[in-house]
Structure formats: structure tokens, C-alpha cells
Ligand code: UDP
């Protein structure tokens with residue numbers, strides 16, 4: 001029988017994706033508890049939710065023992081720094097939340113008989129030799145490179161999740177999230193889209209790493225959240241890619257952002273960081289099959305327009321507070 005999802009814990013609920021998920025869960029009528037240590041999450045992402053009668057926030061590091069009173073139907077484990085800039089800044093924290101944090105979340109899921117949905121990543125595929133990437137591809141990861149801390153933490157988290165599923169019958173879902181963008185991304189998190197918007201709006205040089213021919217496929221956050229909600233409510237166990245298959249070069253993305261912002265910035269080229277994937281594009285056949293024909297609805301152009309308004313407001317706010 002399909003279990004109704006009524007009471008949910010979101011780890012990392014004050015982060016970019018977590019905070020969008022919390023809003024969706026509240027809209028669906030769920031009671032939402034958030035645990036977040038605010039390492040990369042921000043209270044401003046969830047400020048207006050704090051007064052909601054079905055929302056509760058706890059400042060907590062989920063690598064420690066998790067205690068929740070009462071019943072729990074689902075745990076969405078989204079806590080983790082996720083920007084490549086964080087891989088060098090917070091390597092141990094990333095390894096700990098992917099391993100110890102996932103272990104604690106799974107232990108709680110087992111104790112409560114709750115469904116666990118793990119936020120995994122396209123980084124599981126590393127620098128892929130297969131493009132687009134289906135879930136059956138095992139990846140090409142450098143375990144000891146600078147990206148290895150995130151890639152291996154998430155691969156370990158997937159392995160641990162499947163072990164708890166097989167060994168303890170924990171009801172598990174795994175979403176492999178591809179590049180996602182939208183409002184509430186941090187201006188200074190170091191990723192391409194926030195960097196390009198910040199630089200374009202301020203009229204600074206736009207820093208394209210390498211020659212900009214590397215590709216990514218960018219999904220608007222609303223589409224991602226719809227996919228995650230469907231995954232939470234479906235019966236499929238095992239990883240499912242959620243992302244927008246619209247693949248483009250980074251140079252192409254820089255030009256789109258210049259256009260959307262009407263900026264006069266120039267593009268400058270900087271060295272490509274080690275192990276930077278050359279291509280990335282999700283194969284979403286499985287998502288379409290198991291998630292009732294889920295596919296992205298918001299075009300990259302439309303998503304960039306909406307995100308532009310957010311970054312303009314953030315930068316105006318930053319200027320005022322200086
Ligand atoms: N990138 C770039 N300029 C920047 C930041 C990133 O050209 O200011 C490139 C980066 O090298 C990568 C791509 O943009 O090839 C996407 O990087 P991001 O940090 O957004 O996430 P990733 O997909 O690498 O995890």
C-alpha cells in the first residue's frame with residue numbers, strides 16, 4: 001500500500017535546493033522539520049517559513065546522533081556543501097556529512113519505518129566517458145582528486161543507502177541531481193551561474209574556466225523539485241537522474257547570461273580546475289518511465305530570466321548593507 005507522506009525531516013533544509021523542497025512539502029500539506037548546521041545553508045532561505053504552523057527548524061549538525069520525537073514518514077537527506085569551491089574549502093565536512101550524516105539519517109529511517117530519499121549527484125559519474133549518462137553507467141571518478149571528496153562521499157552514501165535497503169528493508173529513493181539553478185543560490189558559492197550573474201550585473205569580467213568548451217546541462221530548480229516530489233511518492237528504488245538534458249557549453253552559458261542581464265562585461269579565460277568534467281548530460285529515460293513522464297518544463301532562457309531578477313535584488317541588498 002502506498003504510504004501517505006505527512007511528517008517529513010529535511011536535512012539541509014536551509015540550503016538552496018532544501019529550501020525549495022520545504023516550500024513544496026508545505027504546499028502538499030506535510031509537516032516539515034529541518035535540521036541544518038548552516039555551514040552553507042542560510043536562515044534567509046527559510047525566514048518566511050519560520051512562522052508557518054507546520055514548519056520547524058533546528059540548528060543541528062546531522063553527522064551527530066539524530067533524535068526526532070513522534071512519527072516520521074520520510075527523511076529527505078539533502079545536507080551537504082555542493083559547490084566545487086566548497087570541495088577545497090570544506091573537504092572533511094563534505095566527507096563526514098556524506099558518510100556519517102547518511103548513516104545517521106538511515107538509522108533514523110530504520111527506527112521510524114520512514115522512507116529515505118538521498119540527494120545524490122551527477123558527480124557520481126565523475127568525468128564521464130559516456131554521454132549522456134544513464135543510471136547504469138558506473139562513472140569515471142578520481143578518488144583522490146579535489147572533487148573526490150564530494151564524488152566519493154555521495155557514492156558511499158548511495159552504497160550505504162542500498163545496503164540499508166537490502167539488509168534492513170529501509171524504503172529508499174536516490175535522486176542523482178544534475179546542475180540546477182534558480183533563486184536562493186548563493187551569490188558567492190563559486191559555481192558558474194552565480195559567478196556569471198554577479199560579474200555580469202556588476203559589469204566585471206566574466207571568468208570562463210578553460211576554453212569554455214566543457215558542457216553542462218542546467219535544470220531550473222522548480223522542475224527539479226517536481227521530479228523529487230514524484231520520486232518520493234513513487235515505488236522505484238535505486239538511483240534516478242533528474243536534470244535537464246539541454247546540454248550547452250559554458251561559453252554558451254556565459255553569453256546567455258550577458259544577454260539576459262544586458263551586461264557590457266567581457267569574457268576572460270582562466271585555468272580549468274583539475275578533474276573538471278568535460279561533458280555532462282542526463283539521460284532521463286528512467287525518470288520519464290517511473291515518474292509519470294517527468295521532464296523539465298521551464299526552458300533555460302525562462303529560468304535565467306527568473307534567476308536574474310533574484311540576483312539583481314540580492315546584489316542591490318548587498319550594496320545597501322555595505
Ligand atoms: N566555471 C567557469 N567559471 C566560473 C565558475 C565555473 O567557467 O566562474 C566552469 C567550471 O569549470 C565547470 C562549469 O563552469 O566547467 C560548471 O561549474 P560549476 O562550479 O557550476 O559546477 P560543476 O558542474 O563543475 O559541478
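Only the coordinates and a few stated rules stand behind these numbers; no lab work does. All values reported here derive from a predicted model rather than from experimental measurement. Glycine also receives a Cβ, built like all others from the backbone with ideal geometry; neighbour counts cover every protein chain displayed.
Restricting attention to region 252-279, which residues are near the ligand (Cβ under 9 Å from one of its atoms), surrounded by fewer than 18 Cβ atoms within 10 Å (Cβ to Cβ) and not in a loop (DSSP other than H, G, I, E, B)?
Within region 252-279, 269, 270 qualify.
Could you tell me whether any residue of region 178-198 is at positive phi, touching a strand residue (DSSP E or B) at 6+ places or on another chain (Cβ under 9 Å) and surrounded by 21 or more Cβ atoms within 10 Å (Cβ to Cβ)?
Here is the first cut: in region 178-198, the residues at positive phi are 182, 184, 190.
Among the residues that remain, those that are also touching a strand residue (DSSP E or B) at 6+ places or on another chain (Cβ under 9 Å) are: 182.
Restricting the remaining residues to those that are surrounded by 21 or more Cβ atoms within 10 Å (Cβ to Cβ) gives 182.
Looking for residues that are at positive phi, touching a strand residue (DSSP E or B) at 6+ places or on another chain (Cβ under 9 Å) and surrounded by 21 or more Cβ atoms within 10 Å (Cβ to Cβ), one finds at least one in region 178-198, hence yes.
Could you say which residue among 239, 274 is under 20 Å from residue 179 (Cβ atoms) and in contact with a helix residue (DSSP H, G or I) (Cβ under 8 Å, 6 or more places away or on another chain)? So that I can check it myself, show each step before the final result.
Working: 274 fails: in contact with a helix residue (DSSP H, G or I) (Cβ under 8 Å, 6 or more places away or on another chain).
Exactly one residue qualifies, and that residue is 239.
So which residues in region 280-295 are part of a helix (DSSP H, G or I) and touching a strand residue (DSSP E or B) at 6+ places or on another chain (Cβ under 6 Å)? Outline the logic, then answer.
Looking only at region 280-295, we keep the residues that are part of a helix (DSSP H, G or I), and these are 285-290.
Residues satisfying the conditions are 286, 287.
Could you check, for region 106-120, whether at least one of its residues is outside any helix (DSSP H, G or I) and surrounded by fewer than 20 Cβ atoms within 10 Å (Cβ to Cβ)? Write out each step before concluding.
Taking region 106-120 and keeping what is outside any helix (DSSP H, G or I), we get 113-120.
Still in the list and also surrounded by fewer than 20 Cβ atoms within 10 Å (Cβ to Cβ): 113.
Yes, there is a match, as at least one residue in region 106-120 is outside any helix (DSSP H, G or I) and surrounded by fewer than 20 Cβ atoms within 10 Å (Cβ to Cβ).
Is there a residue in region 243-250 that is part of a helix (DSSP H, G or I), over 30 Å from residue 25 (Cα atoms) and near the ligand (Cβ under 10 Å from one of its atoms)?
Residues of region 243-250 part of a helix (DSSP H, G or I): 250.
Within this subset, residues satisfying the condition of being over 30 Å from residue 25 (Cα atoms) are 250.
Of the ones still in play, those that are also near the ligand (Cβ under 10 Å from one of its atoms) are 250.
Taking every residue of region 243-250 in turn, at least one turns out to be part of a helix (DSSP H, G or I), over 30 Å from residue 25 (Cα atoms) and near the ligand (Cβ under 10 Å from one of its atoms).
In this structure, does residue 228 turn out to be crowded, with 18+ Cβ neighbours inside 10 Å and either within 14 Å of the ligand (Cβ to nearest atom) or assigned to a loop (DSSP other than H, G, I, E, B) (or both)? Quick ask: steps written out before the conclusion?
Details: crowded, with 18+ Cβ neighbours inside 10 Å: yes; either within 14 Å of the ligand (Cβ to nearest atom) or assigned to a loop (DSSP other than H, G, I, E, B) (or both): no.
When the stated conditions are applied, residue 228 does not pass them.
State all residues of region 296-322 that are within 19 Å of residue 189 (Cβ to Cβ), outside any helix (DSSP H, G or I) and in contact with a strand residue (DSSP E or B) (Cβ under 9 Å, 6 or more places away or on another chain); if no residue qualifies, say none.
none
Could you list, ordered by first residue, the pairs with Cβ atoms under 6 Å in which the first is in region 68-87 and more than 17 Å from residue 14 (Cβ to Cβ) and the second is more than 16 Å from the ligand (Cβ to nearest atom) and part of a loop (DSSP other than H, G, I, E, B), at least 6 apart or interchain?
72/114; 73/5; 73/6; 73/114; 74/5; 74/114
When you scan region 210-222, do you find a residue that is part of a helix (DSSP H, G or I) and either within 16 Å of the ligand (Cβ to nearest atom) or surrounded by fewer than 20 Cβ atoms within 10 Å (Cβ to Cβ) (or both), even just one?
Within region 210-222, the first condition is being part of a helix (DSSP H, G or I), and the residues that meet it are 221-222.
With the extra rule that they be either within 16 Å of the ligand (Cβ to nearest atom) or surrounded by fewer than 20 Cβ atoms within 10 Å (Cβ to Cβ) (or both), the set shrinks to 221-222.
Scanning region 210-222, I find at least one residue that is part of a helix (DSSP H, G or I) and either within 16 Å of the ligand (Cβ to nearest atom) or surrounded by fewer than 20 Cβ atoms within 10 Å (Cβ to Cβ) (or both), so the answer is yes.
Give the residues of region 133-151 that are in contact (Cβ under 8 Å) with a residue 40 or more places away in the chain and either touching a strand residue (DSSP E or B) at 6+ places or on another chain (Cβ under 8 Å) or away from the ligand (no atom under 15 Å from the Cβ) (or both), sorted by residue number.
133, 134, 135, 142, 147, 150
So which residues in region 224-243 are more than 19 Å from residue 84 (Cβ to Cβ) and touching a strand residue (DSSP E or B) at 6+ places or on another chain (Cβ under 8 Å), if there are any at all? Can you show your working first?
Initial filter on region 224-243 (more than 19 Å from residue 84 (Cβ to Cβ)): 225-242.
If the condition is that a residue be more than 19 Å from residue 84 (Cβ to Cβ) and touching a strand residue (DSSP E or B) at 6+ places or on another chain (Cβ under 8 Å), then 227, 228, 231, 232, 234, 236, 237, 238, 239, 240, 241, 242 are the ones that fit.
Scan region 163-174 and tell me whether some residue there is touching a residue at least 24 places away in the same chain (Cβ under 8 Å), within 14 Å of residue 310 (Cβ to Cβ) and more than 8 Å from the ligand (Cβ to nearest atom). Please lay out each step first, then the result.
Let us first name the residues in region 163-174 that are touching a residue at least 24 places away in the same chain (Cβ under 8 Å), namely 164-165, 168, 170-174.
Then drop every residue that is not within 14 Å of residue 310 (Cβ to Cβ), which leaves none.
No, every residue in region 163-174 fails to be touching a residue at least 24 places away in the same chain (Cβ under 8 Å), within 14 Å of residue 310 (Cβ to Cβ) and more than 8 Å from the ligand (Cβ to nearest atom).
Please go through region 175-204 and give me each residue that is touching a helix residue (DSSP H, G or I) at 6+ places or on another chain (Cβ under 8 Å), more than 24 Å from residue 20 (Cα to Cα) and either in a helix (DSSP H, G or I) or within 10 Å of the ligand (Cβ to nearest atom) (or both), ordered by number.
Looking only at region 175-204, we keep the residues that are touching a helix residue (DSSP H, G or I) at 6+ places or on another chain (Cβ under 8 Å), and these are 175-194, 196-198, 200-202, 204.
The next check asks that each one be more than 24 Å from residue 20 (Cα to Cα); those that pass are 200-202, 204.
Of everything in region 175-204, those that are touching a helix residue (DSSP H, G or I) at 6+ places or on another chain (Cβ under 8 Å), more than 24 Å from residue 20 (Cα to Cα) and either in a helix (DSSP H, G or I) or within 10 Å of the ligand (Cβ to nearest atom) (or both) turn out to be 200, 201, 202.
Mind checking which residues of region 73-89 are part of a helix (DSSP H, G or I) and either more than 12 Å from the ligand (Cβ to nearest atom) or more than 16 Å from residue 124 (Cβ to Cβ) (or both)? Reasoning before the result, please.
Keep residues of region 73-89 that are part of a helix (DSSP H, G or I), which gives 84-89.
The answer is 85, 86, 88, 89.
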